[in-house]
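Here it is, the structure, as structure tokens.
The values are calculated or read from the model by the stated rules, or taken from the named source; none is laboratory data. On a predicted model such as this, the values are computed, not experimentally measured, just so you know. Here the Cβ positions follow ideal geometry from the backbone for every residue, glycine too, while neighbour counts run over all protein chains shown.
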There are 2 protein chains.
Amino acid sequence: MYNPDRTDLEILRLLEQDGRMSHKVIAQTVHKSITPVHSRISKLEKSGFIRKITALINPKLIGRGLTAYTQVLLKVHSQESLENFIAEAVKIKEVMECYHMTGTFDFLLRITIRDMEAYNELLLKQLSNLPAVAQMQTFFVISEAKYETAYFNTV
Amino acid sequence: MYNPDRTDLEILRLLEQDGRMSHKVIAQTVHKSITPVHSRISKLEKSGFIRKITALINPKLIGRGLTAYTQVLLKVHSQESLENFIAEAVKIKEVMECYHMTGTFDFLLRITIRDMEAYNELLLKQLSNLPAVAQMQTFFVISEAKYETAYFNTV
DNA sequence: TCTGAAAATGAGGCGGC
DNA sequence: GCCGCCTCATTTTCAGA
């Protein structure tokens, strides 16, 4: 759809660093004027390279301090069964990520929630009602050593 | 540090939706004028509620189409051993997330990389050199059914 | 903490190269 | 595809309540 050159990738890197960096500052950094920077960002957005510009919130400060990863194994692996599970899992607002996986289980869920008590309730009332589940195994995050959404910024 | 009220949380919700939403639009939505919106956002940033405003990039379009989750078990669980592992793991740029976990393994890594060939090389040259690893097990993402960073937006 | 307004900065569009 | 200019919108600061 759009074939980004080195300048485009540099712009992506800068916007990963700061999604509100001004076009002027970007232009100075990539050694172009504001106009091409502007049009390149438009193209990068329209073509889907930039999925979204968003504020990343600290979950601990807003009562979502507990993160769980849950592995799910289904009873049957028909297309219908897989699609049903996905349709229900993604509706749960505490389920932030849901992946269909290779290997010994079928799905991996990232769940963020207030605390263990709230998790208990989520488990009883929502997770346990997900369709066609054969087995679920949950691991909790003790500490976050790294969380990075930026692909272009070297650590 | 800072105790956000309902208006602050509403502002967070809007900035999760669109990190570049103008203060004017935010002000209209939360029924305040621009000045308090401005000062609230400053406070939310300084106090760490907003970790960062960033562009989320589509990894598939920039040659990072393969995502792996790797579970790591260490040989020894001394503080030194844990810290050593973390220090080395977070240096690897393909390791986007690294968590210390409860349960039958110690760490969970999220790895994004070009393709399986590149993963093979990463495994041989970097992952296999991580210190004090007893066991590693990797699962690959077949498809992403949900990826959400916004805590306040109901699905 | 809020309102309203002024000053500074940025965005987005146009003609020309 | 780039530059410089122009106009409008937005951000940011300030006085005052």
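Return the residue satisfying two criteria in turn: it lies in the stretch B:12-42 and is within 12 Å of DNA strand D (Cβ to nearest atom) and within 23 Å of A:THR149 (Cα to Cα), and of such residues it is surrounded by the most Cβ atoms within 10 Å (Cβ to Cβ).
Among those that are within 12 Å of DNA strand D (Cβ to nearest atom) and within 23 Å of A:THR149 (Cα to Cα), it is B:LEU15.
Can A:PHE85 be described as among the aromatic types (Phe, Trp, Tyr), farther than 17 Å from B:CYS98 by Cβ and more than 8 Å from chain B (Cβ to nearest Cβ)?
Yes; evaluated as a whole, the condition is true for this residue.
State whether one or more residues within the stretch A:24-47 are acidic (Asp, Glu), away from DNA strand C (no atom under 16 Å from the Cβ) and in a helix (DSSP H, G or I).
Within the stretch A:24-47, none of the residues are acidic (Asp, Glu), away from DNA strand C (no atom under 16 Å from the Cβ) and in a helix (DSSP H, G or I).
Cβ contacts < 8 Å: first residue modelled with pLDDT of 95 or more, restricted to the stretch A:18-39; second residue among the polar types (S, T, N, Q) and not in a helix (DSSP H, G or I), any location; separation 6+ or different chain. Result?
What qualifies is A:ASP18/B:THR54; A:GLY19/A:THR54; A:GLY19/B:THR54; A:ALA27/A:SER33.
Is it the case that A:ASP5 is within 16 Å of DNA strand D (Cβ to nearest atom) and farther than 29 Å from A:VAL141 by Cα?
yes
Would you mind listing the strands (runs of 3 or more DSSP E) fully within the stretch B:73-155 where at least 3 residues are over 22 Å from A:THR67 (Cβ atoms)?
In the stretch B:73-155, the matching strands (runs of 3 or more DSSP E) lie at B:133-147.
For the stretch A:90-115, give me each residue that is out of contact with any Lys or Arg (no Cβ under 8 Å at 6 or more places or on another chain) and basic (Lys, Arg).
Within the stretch A:90-115, A:LYS91, A:LYS93, A:ARG110 qualify.
If you take the residues in the stretch A:54-67 that are crowded, with 17+ Cβ neighbours inside 10 Å and touching an Asp or Glu at 6+ places or on another chain (Cβ under 9 Å), which one is nearest to A:THR138 (Cα to Cα)?
Among residues in the stretch A:54-67 that are crowded, with 17+ Cβ neighbours inside 10 Å and touching an Asp or Glu at 6+ places or on another chain (Cβ under 9 Å), the one nearest to A:THR138 (Cα to Cα) is A:THR67.
Hey, could you check the stretch A:133-155 for residues that are without any contact (Cβ under 8 Å) to a residue 24 or more places away in the chain and among the aliphatic types (A, V, I, L, M) and say which is farthest from B:ALA89 (Cα to Cα)?
A:ILE142
Have a look at B:LEU66, B:LEU74, B:LEU82, B:LEU130 and point out the one that is under 18 Å from the mean Cα position of the chain (by Cα) and in contact (Cβ under 8 Å) with a residue 24 or more places away in the chain.
Result of the check over B:LEU66, B:LEU74, B:LEU82, B:LEU130: B:LEU66.
If I filter the stretch B:60-67 for residues that are among the hydrophobic types (A, V, I, L, M, F, W, C) and more than 9 Å from every other protein chain (Cβ to nearest Cβ), do I get at least one hit?
Checked against the condition, which is being among the hydrophobic types (A, V, I, L, M, F, W, C) and more than 9 Å from every other protein chain (Cβ to nearest Cβ), the stretch B:60-67 yields at least one hit.
Same structure, new question: For the stretch A:134-146, enumerate the residues that are within 12 Å of another protein chain (Cβ to nearest Cβ) and surrounded by fewer than 16 Cβ atoms within 10 Å (Cβ to Cβ).
A:GLN137, A:ILE142, A:SER143, A:GLU144
Across the stretch A:100-133, which residue is farthest from A:LEU74 (Cα to Cα) among those that are within 14 Å of another protein chain (Cβ to nearest Cβ), among the hydroxyl-bearing types (Ser, Thr, Tyr) and out of contact with any Ser or Thr (no Cβ under 7 Å at 6 or more places or on another chain)?
Only one residue fits best here, namely A:TYR119.
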